[in-house]
1. Out of contact with any Leu (no Cβ under 7 Å at 6 or more places or on another chain), of a type in the set (A, V, I, L, M) and within 23 Å of Gln399 (Cα to Cα): is that true of Ala130 in this structure?
2. Residues Gln182, Gln269: which one is in the same structural domain as Leu329 (by TED's automatic domain parsing) and more than 21 Å from the chain's Cα centre (by Cα)?
3. For the stretch 380-389, which positions are among the basic types (Lys, Arg) and either touching a strand residue (DSSP E or B) at 6+ places or on another chain (Cβ under 7 Å) or surrounded by fewer than 13 Cβ atoms within 10 Å (Cβ to Cβ) (or both)?
4. Condition first: among the β-branched types (Val, Ile, Thr), under 20 Å from Asp14 (Cβ atoms) and in a helix (DSSP H, G or I). Now tell me which residues in the stretch 146-196 satisfy that.
5. Among (1) within 30 Å of Leu341 (Cα to Cα); (2) free of Cβ contacts under 8 Å to residues at least 12 places away in the same chain, which single condition is Gly163 missing?
6. State yes or no: is Cys118 hydrophobic (A, V, I, L, M, F, W, C), buried (at least 17 other Cβ atoms within 10 Å of the Cβ) and either modelled with pLDDT under 95 or in contact with a helix residue (DSSP H, G or I) (Cβ under 6 Å, 6 or more places away or on another chain) (or both)?
7. Just to be sure I understand, how many residues within the stretch 156-176 are over 13 Å from Tyr127 (Cα atoms) and modelled with pLDDT of 95 or more?
8. Identify all residues within the stretch 128-145 that are surrounded by fewer than 24 Cβ atoms within 10 Å (Cβ to Cβ), out of contact with any helix residue (DSSP H, G or I) (no Cβ under 7 Å at 6 or more places or on another chain) and part of a helix (DSSP H, G or I); write none if there are none.
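The values are calculated or read from the model by the stated rules, or taken from the named source; none is laboratory data. As the structure is a prediction and not an experimental result, all values here were calculated from the model. For neighbour counting, all protein chains shown are included, and Cβ atoms are generated from backbone atoms with ideal geometry for every residue, glycine included.
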Amino acid sequence: MGNVIVVTHWLDGDVVPYIRIAKELKRRGHNVKLITHCYFENMAKMAGLEFQAWDTPEEYAELVDLMETNKSDHAFQSKKFSYSLNEFRQKTENLDIRLKEYKIVDECCQSPDTVFLCKSRSSVAAYLVAEKKKLPLATVIGYPSEVASMLLYDELEGKNDIGRLNELRRTLDLEPVDSWLQWESSAKMTMVLWPDWYDDSYVQWPTNIEAVGFPLEQGKEAFHREIPEDFSNWLEKNPNPILITGGTTKLIDKEFYTSSIEACRILGQPTILLCKYEEFVPKVLPSNVVWYKYIPLDEIMPKISVLIHHGGIGTVTGGLAAGTPQMILASYTDRPYNATLIKELGAGDYLLPGNWQPEKIAEKITALQDKSFVENCKKYILKMKENRGITVAADRVEQMMNNDEYIYSINRDFGKHGKANTVISCSSKDIESKEKEQSVIDKRRAMLLLKQKIRKNSN
């Protein structure tokens, strides 16, 4: 039996996958503690996990609001994204916060058989504690564009962050590192939470990496919530409705909701608006639209005709599992890239900001309901039934237990032989051919061009 510390930050899409994996490890008999924001304590308890919060409810509410007011397209708006000019980063990455989180993590892993499962990029405290205490640690990348985003971030901003990082390390009596990417890629195990068939551009990461699959499996849900009775009654009278959801974030343009709602008014089809933030909901809704703050999306997804959403990886995954056509209105973070992947798979379509006219959205929704398109989406139901992301991730955590090979330490050979001296490995594809390498390069270039286009349309 092992002692597993699961570390993550931010919103539902960044936390719920870790609760699912943690619950599976708990089922296998391990001691498991989740460290994240206080908002997720009840979810963790429902999953039977021990819990430690980073913050208070007031601090978390401030964090969510900061995400909305500090909107940027990541590295492509580098002037906004630089620490010196970004309020969000200043409040979440300053030395005091880093040391506070270090203390929280350190106090949670007194057992010598501790292993860490961590969200990439934000789990700085876990990296530091694992290094100090010589403990195994695995990092997890949650969505495809994050790989290219981190590589690009290293090029544009890494050199500006290395001084602050080494100041933090000196405070903890740790040797300095040479580069941000060296630091971020030093874990001896890195997993990505999607399968090869969804996207394979993760191979550009400079050290060992494995695609374990989406963190979604039947019977391995994080927790169970009942469908509201009044909604069940409405659904019985209004079969195959459209559903609009912007996820759990405030990092979204308000136009997302107004344009989607108006498109559904034009179509006249029964529509569910799923939005937890009242300020995003119009005061008067069309008669064909009903509003709910929460519905268990995975449970009702198979009953939806078209899913209109923001492009978050969790919603994308649920749509694929249900075989539901997806209309993605994508802006910010990973969403535009997810949108392009869904279109490539023939599982949906997308519009970028600047093209969110209700008439255009309505036209695309009509096309997505074509019988042949719907049938193509349904083929992903079987594909997703074969997905084992939670199981494989839990297997890999067990693989680290009592195994010195996975003890976290800085890769001091980083960059000596090209970018790193580690051979890239994947779970189910041979990626060493020149053709594959070129495909990866082309995908990255396409993604960067897409982000540039999005920025231009947003201005």
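1. Working: out of contact with any Leu (no Cβ under 7 Å at 6 or more places or on another chain): no; of a type in the set (A, V, I, L, M): yes; within 23 Å of Gln399 (Cα to Cα): yes.
So Ala130 does not fit the description; no.
2. On the way: Gln182 fails: in the same structural domain as Leu329 (by TED's automatic domain parsing).
The conditions single out Gln269.
3. The initial filter retains those residues of the stretch 380-389 that are among the basic types (Lys, Arg), namely 383, 385, 388.
Passing the criteria: only Lys385.
4. Let us first name the residues in the stretch 146-196 that are among the β-branched types (Val, Ile, Thr), namely 147, 162, 171, 177, 190, 192.
From the residues that got through so far, the ones that are under 20 Å from Asp14 (Cβ atoms) too are 147, 190, 192.
Residue satisfying the conditions is Val147 alone.
5. (1)
6. Details: hydrophobic (A, V, I, L, M, F, W, C): yes; buried (at least 17 other Cβ atoms within 10 Å of the Cβ): yes; either modelled with pLDDT under 95 or in contact with a helix residue (DSSP H, G or I) (Cβ under 6 Å, 6 or more places away or on another chain) (or both): yes.
Spelling it out, Cys118 is indeed hydrophobic (A, V, I, L, M, F, W, C), buried (at least 17 other Cβ atoms within 10 Å of the Cβ) and either modelled with pLDDT under 95 or in contact with a helix residue (DSSP H, G or I) (Cβ under 6 Å, 6 or more places away or on another chain) (or both).
7. Total satisfying the criteria: 10.
8. Listed by number, the residues that qualify are Glu131, Lys132, Lys133.
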